[in-house]
1. Of all the residues that make up the range 751-787, how many are assigned to a loop (DSSP other than H, G, I, E, B) and farther than 30 Å from G720 by Cβ?
2. Pairs needed: first member in the range 296-314, farther than 20 Å from L385 by Cα; second member anywhere, basic (K, R) and at pLDDT 95 or above; C-beta distance under 7 Å; at least 6 residues apart or different chains.
3. With respect to G148, is the statement that it is assigned to a loop (DSSP other than H, G, I, E, B) and farther than 21 Å from W567 by Cβ true?
4. Could you check V181 against (1) without any contact (Cβ under 8 Å) to a residue 60 or more places away in the chain; (2) surrounded by 16 or more Cβ atoms within 10 Å (Cβ to Cβ) and say which number it fails?
5. As an exercise: evaluate G72 against (1) open to solvent by 50 Å² or more (accessible area, probe 1.4 Å); (2) outside any loop (DSSP other than H, G, I, E, B); (3) of a type outside the set (A, V, I, L, M); (4) at pLDDT below 85 and give the number of the one condition it does not meet.
6. Which of the residues belonging to the range 435-465 are farther than 19 Å from R79 by Cα, touching a helix residue (DSSP H, G or I) at 6+ places or on another chain (Cβ under 9 Å) and either open to solvent by 60 Å² or more (accessible area, probe 1.4 Å) or modelled with pLDDT of 80 or more (or both)?
7. Run S248 past the list (1) in contact (Cβ under 8 Å) with a residue 40 or more places away in the chain; (2) among the hydroxyl-bearing types (S, T, Y); (3) over 30 Å from D485 (Cβ atoms) and report the number of the one that doesn't hold.
8. Filter the range 761-805 down to the residues that are without any contact (Cβ under 8 Å) to a residue 60 or more places away in the chain, basic (K, R) and either over 20 Å from A661 (Cα atoms) or open to solvent by 50 Å² or more (accessible area, probe 1.4 Å) (or both) and list them by number.
Amino acid sequence: MPKSGLSFSCFALAILLAWPVVSGGQAAEPAEQSRIEFFEKQIRPVLADNCYNCHSANTNSKGGLRVDDRNGLIHGGDRGPAVVPGDPEKSLLIQAVRHAHAEVKMPPMKHLSDDQVADLTQWIKDGAAWPKVHAELPTSDPDPEYAGLRREHWAWQPLRKPKTPNVNDASWPRDDIDRFVLAALEAKGLAPVPDADPLTFIRRVTFDFTGLPPSTDEAEEFVAAWEAADPDARRLLLEKLVDRLLGSPAYGERWGRHWLDVARYGESTGSARNIPYPHAWRYRDYVIDALNSDKPYDQFLREQIAGDLLPAESQRQRDEQLIATGFLALGVCDVNQRFKVRFVMDNIDEQIDTVTRAVLGLTVSCARCHDHKFDPIPLTDYYALAGIFHSSQRCAGVRNKMGGGGLDYYDTAMLLPLGSQEQDDGKIAEQVEQAKAELAQARAQVLTLQEGPDQNAGGPEREKELAAARKQVAKVQSALVALADPAARGPVALGVRDASTVGDTEIRVRGEAEQLGPVVARGFLTVFDVPGKPEINPNQSGRLELAEWLVSKHNPLTPRVMANRVWQHLFGRGLVSTVDNFGVTGDAPSHPELLDHLAIRFIENGWSVKKLVRAVVLSRAYQLGSEAPAVNVAADPGNRLVWRHSPRRLDAEEIRDAMLAAAGQLDLHRPEGSPAKDFKVVELRNNGPEAERLAAQCLASKCRSVYLPLVRGLTPHALGVFDFAEQGMVTGRRDTTTVATQALFLLNDPFVRQQSQALTDRLIGQSDLDDADRIALAYRLALCRPATAAEIDRAKRYLAEYEAAAREEGTPSADPRAAAWASLCQAILASAEFRYIR
């Protein structure tokens, strides 16, 4: 087993990287050394004496700018780069110290000497030299156990086609999948339970495929056909049912939601300042459409990692591929981060974590600060990937600004225009420049009132002046955004594109964004070998090559992880139970040969998710009943060996949608966009008017739950109470809890009461039925089965007793009979049987 701490060689490297020295492994070139000496003698003292008080790590870093760090100067603050190495005239720092900038004049109320300005100008002209960390990158594994782990851990071994095992009961299997399952059971002396009855099966498979219950007609027709058919005809009936469900638009809505869990889909930034992503819904619809069209999984991944770099045969295809890259843009981000360099690196870390856990089942982000403590993933592998994402722009329409307000966080330059938007004829650019000048003037007025010579002069008049000045800033800022916003001129998407400057990036010492170590060449993980891996194009980010590496047929993890996800969604537990972690600390597969069989089958069938799902569902293993013989429970209490089909609770979306379906209220049409699409890109408060409006819209909505707005921190109540996906991280498997708030929701929530009343109206409206028939219909609509005679008698007694009690209470406005039926319907919708499938 790997050690819990860093190896000696890794620890030594960390010490080297953390040591603030100029010399080290190799001596700096004489010219470079001379420039560094010039910086230390002439430049750093000027910055320290005049700038550090407001713009350093130990202060509030006004304007988001740090001048105690070269990276901070180059990335700049709210107004862009402060230093452009080699070009002092384009450097905001020089404009500021010359007092030549309309808005920024530094230091405040003071001028640097001509010599100091000249020194700063020369320093930038010479490339803005800064002392660097010098350390040798390791030429071998930093941990001696890494080689053994690569060689021995099951997940990192190449895919090999396993031999189909022989079984004693040769009549039981219907597919090779069944032979692997049965062989494992027979090895333990266990036998599978009988198959599920047809009514149980159609309810199970319809929920698993579509997230919806079968209609009463569908269920009754299937059962009647099943009972009249011989074994061969039953096989054809199963295939016909499965193919019909695979062709339903509801399939993509259900299975698309599975991927959205993995993609940590959300319609806002979350974190300290919750800023909406108004255009996130386009990615949601892309995923649903991709699953419905059975887009090959390898192409699905290519588009999400590098859609902007793929060729397109039409504008529509180009737009679709741009939208797909929203996978990399829609994560949680802290727009309240003070420093841009930290904002950038934190977002890169989030992207690395999402891609590697979603696609590979690896926790690569654990190697941000040091070599991975358990898996053979060195620090250098992390920064090889970081260089790829550092060479890409995350276009989520937001930027960082500590303590910002209004539209400060909205970055219209970080949006991806779709279609063929009209090109600017020059008039808009002229108006934008004019608005920028007006904004600079308005901000200068606020700054004068806040920090000018009369800043301590209080009183109502001064407060009125300051309020008016701030109002003017907001007004001009809104006008500027309206002019520059491509979303005002046509559709836009959130996603990624290559940065204007691409290249390798440095190790960040201890993970700190400003502490730069040696440069690491862009590349891929070394935890396993992928023969024929692509070489990164030096003129691009490397995302296209990363995508090709991920979907290579020689990559052992990508098909294994996805095949395991499919199994988990159909059986409630993956062959590897830790679906997002295939590393050393994850679970070992219960059926390793079956997992490889499914992964190879997946690739051979053109990476078709539908074909893989179809094969698994048509297996005998999936069609088992849910009985639990004592001998099997004693030998395998967790059903790890698949001797039965484990019952599962419906997901939050399934519960809500099934209530709407039973009540006859479900609208199966896809709504246009999302209620969040009309939000301004300003901070959302969880107790503000936007939150109230969203809650009201969710309560009133009759559409499928996948289309409800998913603003982080404002999850619809009907979803949040039943263990909805964690929107801040990859969620391949949701929790299933039983807590008091769920019972209270089913008892008191307006949504449940509304659907109970709608179901009541649906039943009472059947004037040709008596109460016994209405009760039977309620069971068929809600539970997908006929009621027994005992259940009908019990329900009739309940209705009579409730109605009598209601008449005794004498509530004038209530109809006692309708109230009794509503109570019965609510009891059925709140029952455990309604919420579980077997």
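1. So in the range 751-787, the residues assigned to a loop (DSSP other than H, G, I, E, B) come out as 765-770, 784-787.
Pick out the ones that are also farther than 30 Å from G720 by Cβ and you get 765-770, 786-787.
Qualifying residue count for the region: 8.
2. Between residues of the range 296-314 that are farther than 20 Å from L385 by Cα and residues that are basic (K, R) and at pLDDT 95 or above, the close pairs are A312/R318.
3. no
4. The failed condition is (1).
5. Only one criterion in (1) open to solvent by 50 Å² or more (accessible area, probe 1.4 Å); (2) outside any loop (DSSP other than H, G, I, E, B); (3) of a type outside the set (A, V, I, L, M); (4) at pLDDT below 85 is unmet by G72, namely (1).
6. Those that are farther than 19 Å from R79 by Cα, touching a helix residue (DSSP H, G or I) at 6+ places or on another chain (Cβ under 9 Å) and either open to solvent by 60 Å² or more (accessible area, probe 1.4 Å) or modelled with pLDDT of 80 or more (or both): Q450, D454, Q455, E465.
7. Here S248 meets the rest and fails (1).
8. R794, K796, R797
The values are calculated or read from the model by the stated rules, or taken from the named source; none is laboratory data. All values reported here derive from a predicted model rather than from experimental measurement. Note that we place each Cβ from the backbone using ideal geometry, even for glycine, and neighbour counts take in every protein chain shown. The protein model used for the area step is the full one, side chains on, heavy atoms only, and it has no ligands, DNA or RNA in it. Shrake-Rupley method; radii C 1.70, N 1.55, O 1.52, S 1.80 Å.
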